[in-house]
Structures are given as C-alpha cells and as structure tokens.
Amino acid sequence: MSTTLGARTGARLAGEQKEHYVHSMFDRIAAPYDRLNSRISFGRDARWRKILVERSGAGPGDHVVDLGTGTGELALQFAREVGPEGRVTGVDLSAKMLEQAEQKRAVEGLANIEFREGNACATELPSSSADLVAMGWCLRNCSDLHAALHEVLRILKPGGTFVCLDMSRPSFAPVRGLFFLHRHLVMPLQARFYGADAEAYRYLACSTDHFPDRKALEHVMRTAGFAHIESWPLMMGAVALHRSVKAHL
Ligand SMILES: C[S@@+](CC[C@H](N)C(=O)[O-])C[C@H]1O[C@@H](n2cnc3c(N)ncnc32)[C@H](O)[C@@H]1O
C-alpha cells in the first residue's frame, strides 16, 4: 500500500486505511529504526524520552502503559523506574517493532514488561487499570486521534497521568518556516545519506504538517476530557511534550 499511495497521501488517510499504511511502514523500517532515529535527530530522541519519563512522575509500583511502544525505548526506561513491584505494558500495531523491543527486554533481563500487539485506539486493556499512559510519537500516527484519546482516558485510573511526546510546529512563524524546510528538504536528504526508507521520512514530514500544534493539541485534550493539561516545546517547538490527568469523578 505504501509504495502505491506515497507519503503525502498516506499522511492524509484516516480509519483502517491509515492503520494499514502505518502498520506496513513500521514493519518495513523496524530493524534500522533506532539507529536511524538517533542519527537523524543527532541523538536528541533519547534526551526527549528521558524528559518525558522524568516529567511523568512514574514511581515504584506503578502500572505504565506505553502505547505505540515501537522498539520499546520508553517501556524499558519506565520498567527501570517502576521497579520489580511495578509493571509496564507496551502496545504496538507492528509485530516487527515489537520483536526489536522484546530482544532488548531479554538482554536487560527485565521481567516487569509485557509487549503485546494491539491498537492504541482499542487496546482491549481493562478500564481504569493504568497509573500512567505514555505515547512517544504515536498519537500523530493513530488512525483516529479522538478515539485514541478516549481510549487513554478509559484505561487510566482516575487521577492517572497521560504523557505524550510528538512532532509539532513552532509558534514563531520564521522558526516554523525553517523547520518546515528542515522536515521537507533536509530530513529526506539525511534519510537518503543514511540509506533509510525515504517514504517513511517524507511521511514524518507530511503527517507533522497535518497534526495539531502544541496549543491546538492542548485544546483537543481539554475537549476530550483531560484535566491539568501542561505542555512544553522541545527543540524550539519542533517537538512537543504534553502532560495531562484523568480527573477524579
Ligand atoms: C515513531 S514510532 C515511536 C516508537 C517509540 N514510542 C519511540 O519512542 O521510539 C511510532 C510507533 O507507533 C506505532 N503505532 C502507530 N499507530 C499505532 C496504533 N494505532 N496503535 C498502536 N501502535 C501504533 C507504530 O507501529 C510505531 O511502532
């Protein structure tokens, strides 16, 4: 599907078509995903995940759900934070991404993580079961943004925290313009230089164009029913971190 549609069309899809497009793309890029992400972000992706985990407030004994866990980088960090009495459930559409995650889990010998295939929009996890739900660059890829946010609210315990890291667009127009050029011109060149899947990086650029920016995503979260919403721009606003809470009834 990906090769016939192209990244620009892929970024505009919705529903099952988007799910299939995203699923096949991440299956395709799973093996080199970590290496290429690190190179293309000049190693900053690791720093952004560290900030997410620090600001999440995760602590010993928590149950953390990592939606769109991919190769498990966030899930592994959370597993160290919550300790042996806590647990982490990593959910992803892509079995190939989860294979990478499982290999890392086995190397570290962490017994408190479970990886499972599933859709962030309909996880089949029990309601009100998670102290914390995290998403790292997943929400933008979900086939239905609103369904994903409602699913997060469903699985969170009242008072539980949602943390979400994703691409965004700076608010200051000249900087926004520079990052537009960076996404659409520099990143595809970097991808080509590193031998990466060019369509995946074009999709990254196009899907960022269509995703709500930091303030707009705050509004979407508020409308969905989240409380105590805070957000932080990272890399001058090209990436955004949001934290919000499921209100007590
Ligand atoms: C850009 S990767 C990020 C992976 C990881 N969170 C990280 O920090 O590197 C996005 C991941 O979200 C997954 N994904 C996209 N849409 C999804 C959905 N609706 N349900 C579950 N996983 C999804 C993809 O398969 C992919 O592994």
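The values are calculated or read from the model by the stated rules, or taken from the named source; none is laboratory data. These figures come from a predicted structure and were not determined experimentally. Methodologically, a virtual Cβ is constructed for each residue, glycine included, from the backbone with ideal geometry; neighbour enumeration extends over all protein chains shown.
Out of the stretch 213-233, which residues are surrounded by fewer than 20 Cβ atoms within 10 Å (Cβ to Cβ), free of Cβ contacts under 8 Å to residues at least 60 places away in the same chain and under 17 Å from Arg169 (Cα atoms)? Passing the criteria: Asp213, Lys215, Ala216, Glu218, His219, Glu230, Ser231. A single member of Cys164, Cys142 is within 14 Å of the ligand (Cβ to nearest atom) and closer than 18 Å to Arg44 by Cα, and it is Cys164. Of all residues in the stretch 147-157 being over 15 Å from the mean Cα position of the chain (by Cα) and under 16 Å from Ile229 (Cβ atoms), which is nearest to the ligand (Cβ to nearest atom)? Only one residue fits best here, namely His150. The residues of the stretch 30-60 that are over 19 Å from Leu165 (Cβ atoms) and either within 11 Å of the ligand (Cβ to nearest atom) or at pLDDT 95 or above (or both), listed by number, are Ala30, Gly59, Pro60.
Within the stretch 80-94, take every residue that is closer than 21 Å to Tyr33 by Cα and of a type in the set (Gly, Ala, Ser) and give me the one that is farthest from the ligand (Cβ to nearest atom).
Residue satisfying both the conditions and the ranking: Gly90.
Of the residues making up the stretch 154-199, those that are more than 18 Å from Val239 (Cα to Cα), in contact (Cβ under 8 Å) with a residue 60 or more places away in the chain, of a type outside the set (Gly, Ala, Ser) and out of contact with any Phe, Trp or Tyr (no Cβ under 7 Å at 6 or more places or on another chain) number 8. Scanning the stretch 83-141 for residues that are of a type in the set (Val, Ile, Thr) and surrounded by 20 or more Cβ atoms within 10 Å (Cβ to Cβ) returns Val88, Thr89, Val91, Ile113, Thr123, Val133. Whenever a residue of the stretch 22-33 is among the charged types (D, E, K, R), its partners that are within 7 Å of the ligand (Cβ to nearest atom), lying with C-beta atoms within less than 6 angstrom and at least six residues away or across chains, give the pairs Asp27/Ser94. Going through (1) part of a loop (DSSP other than H, G, I, E, B); (2) touching a Ser or Thr at 6+ places or on another chain (Cβ under 6 Å); (3) of a type in the set (Ser, Thr, Tyr) one by one, Thr71 falls short only on (2). Checking the stated criteria, Ala122 turns out not to satisfy the condition of being in contact with a His (Cβ under 7 Å, 6 or more places away or on another chain), among the aliphatic types (A, V, I, L, M) and under 23 Å from Arg222 (Cα atoms). Taking the criterion of being within 24 Å of His23 (Cα to Cα) and either in contact with a Gly (Cβ under 7 Å, 6 or more places away or on another chain) or within 12 Å of the ligand (Cβ to nearest atom) (or both), the residues of the stretch 95-113 that qualify are Ala95, Lys96, Met97, Leu98, Glu99, Gln100, Ala101, Lys104, Arg105, Ile113. The residue pairs whose first member lies in the stretch 40-66 and is within 30 Å of Phe193 (Cβ to Cβ), whose second member is away from the ligand (no atom under 15 Å from the Cβ) and in a strand (DSSP E or B), and whose beta carbons are closer than 9 Å, counting only pairs six or more residues apart or on different chains, are Ile51/Trp232; Leu52/Arg243.
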